[in-house]
Amino acid sequence: MPKVPKKKKTATKNPKKKQNSRKGFLIGLMVLLGILLIGAGIIGSKYYKLIYLENVDLGNKETMYLYIPSNSTFKDVKRILYKDAIIIDKGSFEWLCEKKGYNVNVKSGRYLIKNHINNNELINLLRSGKQEAVKLTFNNIRTKEQLVSKVCKIIEADSVALLALLNNNDFLKKYDLNSDNVMCIFIPNTYKLYWDMPAEKFFKRMFDEYKKFWNPNRKQQAETIGMKPTDVIILASIVYQETKKKDEMSRVAGVYINRIHKGIPLQADPTVIYAIGDFSIKRVLTEQTRFESPYNTYMHTGLPPGPICLPEAVVIDKVLDYEKHDYLFFCAKEDLSGYHNFAKTGAQHAQNAQKYHNALNKLKIKK
């Protein structure tokens, strides 16, 4: 009989072996992912520390002001920060500055820096440009030079540039001002300003404050007495130098307005002192009243071309609400109290003046 060929055995897949293979692959994948995650964690931790590293050391101070001048570069900022060893880790600071683009976007200003802040906080502050305002207070100012000196100690504006601006009639003409009456726009007060203000920006800010001060009510009062706002301030500057007693300022203003209406020279001693430029003078002598100057109200009728000081707001309001009376003269009281004797006639005034001169002679005040 012919032999029947044997059937070949077919290979069968082993489920158990296949399952083990898959399990091995998954384990390998998980190990790889774990390694990657650990690596990422290490890298992330490193960068986290760089970003949020407490990197400012102010020593015993809790805060300080950082001044970044106009047109500063990133190199300038680093020089300022590194000069006093404010930054602990320079490398991490510079790295994050580049990542955040601050190295090409420096903003000037006055910034309040807190001790122990991290890189991210410091750079976000500097990049934002959120600077702290400064307070400018000025009073008892007599000249442009005094004003400029005061202002430029508080803000960055260049003193030479600011003084030149106050004397530039072409520039001032746009504001209906000139180099004589420009000081009228500076009303003594406390103003909040940004430290990095240039001269022209500071001027415009003060002019805006001047316009706010001259509200419709004050403008109407000035029109009623036939004066422009600058005229009122010029007269107020004379009143302020004549008396510091608020309860008689309106009366003194009334004397000067009466003289203006009658065309009589004001004959205000403070204008002579201003014209001469010697603010130590306590007693104006007859020969000094002949000093030639447009500011000398013995030599010229009407108001001088500009203010002889910066009068406070209260004095300006006293002029606007001046006392109506018939007085044409006044003289300091012989008791040297700071108050004045008022007179309607020259004869009365001569008597009052003699009393005052006798008091000065007694104290040996010659000039």
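Values quoted throughout were computed directly from the atomic coordinates according to the rules given, and no laboratory measurement underlies them. Here the structure is a predicted model, which is why all the values come from computation and not from measurement. We place every Cβ from the backbone using ideal geometry, glycine too, and count neighbours over all the protein chains shown.
Straight-line reach from residue 75: which aspartates and glutamates fall under 19 Å, measuring Cα to Cα and dropping same-chain residues less than 8 apart?
84, 89, 94, 98, 196
Let me know the charge dipole size of region 63-128 about its Cα centre in debye, to the nearest 20, where only the beta-carbon of Lys, Arg (+1) and Asp, Glu (-1) is charged.
Computed charge dipole of region 63-128: roughly 140 debye.
Before anything else, pin down the relative contact order of the chain: Cα pairs under 8 Å, at least 6 apart, normalised by residue count, whole percent.
Result for the chain is 13 percent.
Suppose a student asked you for the relative contact order of region 134-213, using Cα pairs under 8 Å spaced at least 6 residues apart; what percent would you report?
Relative contact order here is 39 percent.
222 nm [θ] for the chain, helices only, -39500 (n - 2.57) per DSSP H run of 4+, per residue, to 500?
So the helix-based figure for the chain works out to -15000 deg cm²/dmol.
Anything over 30 Å Cα to Cα? Flag those among 150/344; 201/244; 144/282; 153/204; 150/212, in the order listed.
Where the Cα-Cα span goes over 30 Å, the pairs concerned are 150/344; 201/244.
Taking 8 Å as the Cα distance limit and 6 or more residues as the minimum spacing, I'd like the relative contact order of region 192-344 as a percentage.
28 percent
Which angle from 0 to 90°, rounded to the nearest 10, does the C-alpha axis of helix 229-242 make with the longest principal axis of the chain?
So the helix axis and the longest Cα principal axis differ by about 70 degrees.
Report the far tail of the P(r) of region 134-213, meaning the percent of Cα-Cα pairs longer than 18 Å.
Pairs farther apart than 18 Å: 33 percent.
Exposure proxy check: 53, 126 ranked by fewest other beta carbons within 10 Å?
Going from least to most buried by this count: 53, 126.
Counting only GluC sites (Glu not before Pro) that are in a DSSP loop and have at most 10 other C-beta atoms within 10 Å, tell me the longest site-free stretch of the chain.
Longest gap between qualifying sites, sites excluded: 63-291.
Order of 300, 325, 261 from fewest to most other C-beta atoms within 10 Å?
261, 325, 300
Rule-of-thumb check for region 216-362: C-alpha Rg over 2.2 N^0.38 Å?
That works out to 1.00 for region 216-362.
For the chain, what mean projected area does the convex hull of the alpha carbons give, in nm²?
36.7 nm²
Return the equivalent ellipsoid semi-axes of region 175-281 as a descending list in whole Å, where each equals the square root of 5 times an eigenvalue of the C-alpha gyration tensor.
27, 19, 14
Charges at C-beta only: +1 for Lys and Arg, -1 for Asp and Glu. How large is the resulting dipole of the chain about its Cα centre, in Debye rounded to 20?
Approximately 4400 debye in magnitude.
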